[in-house]
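The values are calculated or read from the model by the stated rules, or taken from the named source; none is laboratory data. Values in this document were obtained by computation on a predicted structure and should not be read as measured data. Cβ sites come from the backbone with ideal geometry, for glycine too, and all protein chains shown count toward neighbours. Ligands, DNA and RNA are stripped out before the accessible areas are found, and what is left, the full protein with its side chains, is counted by its heavy atoms. Shrake-Rupley method; radii C 1.70, N 1.55, O 1.52, S 1.80 Å.
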Amino acid sequence: MKIPLMVTADYATIDPITGKLHILGAFREISTKAFPFLHSRLCLALIIEAEIADSNNPHELSVSLADEDGNEVFAMQGPFEMPKSVSGIPPHCNVLLEFNNLQFEKPGEYCFYVSVNTDEIAGSSVIQVVQHEHGGG
């Protein structure tokens with residue numbers, strides 16, 4: 001399986017009628033005045049693509065966040081279902097993960113790692129957490 005899209009954003013949703021992924025406020029940097037810093041809300045939006053044979057269910061999604069020293073901030077995993085292939089077209093699914101009150105202990109580079117069914121990383125996305133005199137978020 002592949003992850004052709006992985007983005008951090010302020011908000012994301014999947015339209016229940018069309019299945020379209022809506023992303024609002026995509027970002028790669030978080031700024032704050034001081035550390036440790038509690039980021040109130042962060043969405044991780046993914047598109048997962050599969051081969052036709054991979055549309056068998058269930059699948060296991062694993063997500064972790066690590067700082068630039070390799071220290072794990074958190075890790076989670078859970079099942080998800082891939083839609084069945086339609087007309088021989090490889091299936092894909094949209095996945096949204098929302099993190100509330102995510103704590104960053106220090107400035108630096110943080111990386112989300114995502115794997116599907118294995119320990120092999122299928123995708124990753126980096127965000128920079130920086131200290132500024134006038135912090136935003």
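Could you tell me how many of the residues in segment 95-126 are surrounded by 15 or more Cβ atoms within 10 Å (Cβ to Cβ) and either under 11 Å from the mean Cα position of the chain (by Cα) or among the hydroxyl-bearing types (Ser, Thr, Tyr) (or both)?
12
Within segment 35-67, how many residues turn out to be within 20 Å of the chain's Cα centre (by Cα) and open to solvent by less than 50 Å² (accessible area, probe 1.4 Å)?
18
Kindly indicate which of GLY135, GLY70 is among the small types (Gly, Ala, Ser) and either surrounded by 16 or more Cβ atoms within 10 Å (Cβ to Cβ) or modelled with pLDDT of 90 or more (or both).
After applying the criteria, what remains is GLY70.
Tell me which residues, restricted to segment 52-107, are in contact with a Lys or Arg (Cβ under 8 Å, 6 or more places away or on another chain) and of a type in the set (Phe, Trp, Tyr).
Listed by number, the list holds a single entry, PHE99.
Assuming GLY88 fulfils every condition listed in (1) open to solvent by less than 60 Å² (accessible area, probe 1.4 Å); (2) under 16 Å from the mean Cα position of the chain (by Cα) apart from one, which condition is it?
Result: GLY88 passes all but (2).
Kindly indicate which of GLN103, GLN77 is over 16 Å from VAL7 (Cα atoms), free of Cβ contacts under 8 Å to residues at least 24 places away in the same chain and either part of a strand (DSSP E or B) or touching a helix residue (DSSP H, G or I) at 6+ places or on another chain (Cβ under 8 Å) (or both).
Only one candidate passes the filter, namely GLN77.
Based on this model, can you work out whether ALA34 counts as of a type in the set (A, V, I, L, M), under 29 Å from GLN128 (Cβ atoms) and not in a strand (DSSP E or B)? Steps first, please.
On the way: of a type in the set (A, V, I, L, M): yes; under 29 Å from GLN128 (Cβ atoms): yes; not in a strand (DSSP E or B): yes.
Yes: the conditions hold for ALA34.
Please go through segment 11-34 and give me each residue that is loosely packed, with under 14 Cβ neighbours inside 10 Å, within 13 Å of the chain's Cα centre (by Cα) and either within 13 Å of LEU46 (Cα to Cα) or hydrophobic (A, V, I, L, M, F, W, C) (or both), ordered by number.
ALA26
Looking at segment 1-10, which of the residues that are open to solvent by 60 Å² or more (accessible area, probe 1.4 Å) and modelled with pLDDT under 95 is farthest from the chain's Cα centre (by Cα)?
MET1
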